[in-house]
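These notes are about the structure you will find just below.
Where a number appears in this text, it was derived from the coordinates with a stated rule and is not lab data. Every value quoted in this text rests on a predicted model; they were computed, and no experiment measured them. Here the Cβ positions follow ideal geometry from the backbone for every residue, glycine too, while neighbour counts run over all protein chains shown.
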Amino acid sequence: MRALALLALTAALAPLPAADCFCRMGTFCQRLSESKVIFLAETVQAEPNGANPTLRVLERFRGLPADSPELVTLEAFFPRDCYVAPYQPGKLTLVFLERIEEDGVLRDGPCTRSVLVETDAYELALIRRYFDGGLTTLLQGVIRSPGDLSGWDAPVDGAAIEAQLDGKTYTTTTDANGRYELANLPGGRYLLRPRAVGYRNIRGATAVDVPAAGCAVRDIALASTNAIDGRVLGDGGAPLEGVKVSLFHAEIEPGRAVLETETNEEGRYAFHSFAPGSYRVRINARGPTAAQPWDPAEVAGAPFYLGPAAKQRGQDIHLGRPYPVRSIDIRIIDAAGAPAEGIASCRDSLTAIETQAVAVSGLARCAALADRAYVVSAAGTKATVPPGPNTAELQFVLPQ
């Protein structure tokens, strides 16, 4: 069978979600070129989380002899905290394996390259086309709209992309997942130009090398032209400067801000060029702090949907009366009574919001809401400060 030379791999590899998992799922082109064994199978049975599955081979693409058994068992283990294994009883899996061991054993995991067909039927269609001889070259990628702190990118559906080589232009459009492909192109260096209604091209033309027989991948970003802005007004209607305002996606990690900004001297805030979706604009989503001593507030009518070119102007946020603020002074000394360096933390006992202060010449200071109790930690010990209007003073002695 043909070997697919991976001569241009330019797409970033997507990390797995768990922090302790260092596996990366390569692109389709990379896995196709590097896998010595590829077949379609149905999982007959498997241990918890897909370990050691027994598979019924349905289609052999590479590496499995035609006379090999219909039922095969993989030696496989998948850490539960990393991801759901691609072997689930009764479901189809497109299996990518690096090799068959010398003893004939098939092994997979923990860094599997196999995928459940129900979550990525697109790859099965590409595999079939390739091994049926319907592909000599393949240029593929994903067009996304980036632009937030969470790293979440929205696929751009229906984007047009032109690939130009020697005066000839080849065109296609992206699907609902933002994916595009151009098959059986002549080899050469192409200039790619994407466009979509409501988006702007961030980098202009993008070059990519397509081999005479092989695969190339190029992911492209298009920036949306949407925006939302307004003012933050205090209890008396005056604009407030320096207030942190957060943009939250209403569906993707709704408790995590995707963009943040601060109001200017006129109390104005603005967000722009973020992925299309449903959003909320909030202040103090977790509760008031000494730095921002107001009750939570948000733009009225949220959540609201913002498409790639939508503009929401004049979305003001009105804050109530600020809570009184006081200081907690923390002195850190050594066993001899001399000022010592250290870090103190002050945690709001109601919201669990924590701030840290570095001791300078033995003194650290936390700003605190006067009506809240705080748990103060320093020098390996803790103390509770009750609510009150006056400055609280604490002293911690470093252990010998």
P(r) of the stretch 35-131 in 10 Å steps, Cα pairs, percent per bin? 17, 55, 27, 2
Using alpha-carbon positions, the gyration tensor of the stretch 123-183 gives root eigenvalues a ≥ b ≥ c; with a/c under 1.5 called rounded, otherwise prolate if a/b exceeds b/c, else oblate, the class is oblate
One can check that the equivalent ellipsoid of the stretch 272-400, built from the alpha-carbon gyration tensor with semi-axes equal to the square roots of five times its eigenvalues, has lengths in Å, largest first, of 40, 16, 11
In percent, how large is the relative contact order of the chain, given Cα pairs closer than 8 Å and 6 or more residues apart? 11
Using the Kirkwood radius built from alpha carbon pairs, what does the Stokes-Einstein equation give as D for the stretch 145-250 at 10 °C and 1.306 mPa s, in µm² per second? 95
What do the square roots of 5 times the Cα gyration tensor eigenvalues come to for the stretch 325-397, in whole Å, largest first, as semi-axes of the equivalent ellipsoid? 21, 11, 10
Kirkwood Rh, angstrom, the stretch 355-395 [1 / mean 1/r, Cα pairs]: 11.0
Can you pull a Stokes-Einstein diffusion coefficient for the stretch 227-318 at 20 °C (1.002 mPa s), Rh from Kirkwood over Cα pairs, as a whole number of µm²/s? 163
Selection from ALA121, ALA300, PHE248 lying farthest towards where the dipole of the chain points positive, charges on Cβ: ALA300
For the stretch 111-118, in residue order, the Karplus 3J(HN,Hα) values (coefficients 6.51, -1.76, 1.60; θ = phi - 60°; whole Hz; Gly and Pro = x) are 8, 6, 10, 7, 9, 5, 5, 5
Under 1.5 on a/c is rounded, so check that first for the stretch 84-193, then, if it is not, pick prolate when a/b is larger than b/c and oblate when it is not; a ≥ b ≥ c are the square roots of the alpha carbon gyration tensor eigenvalues. oblate
Normalise the Cα radius of gyration of the chain by 2.2 N^0.38 Å (N = residues in it) and let me know the number. 1.33
Principal-axis tilt of helix 121-131 within the chain, Cα atoms, nearest 10 degrees: 30
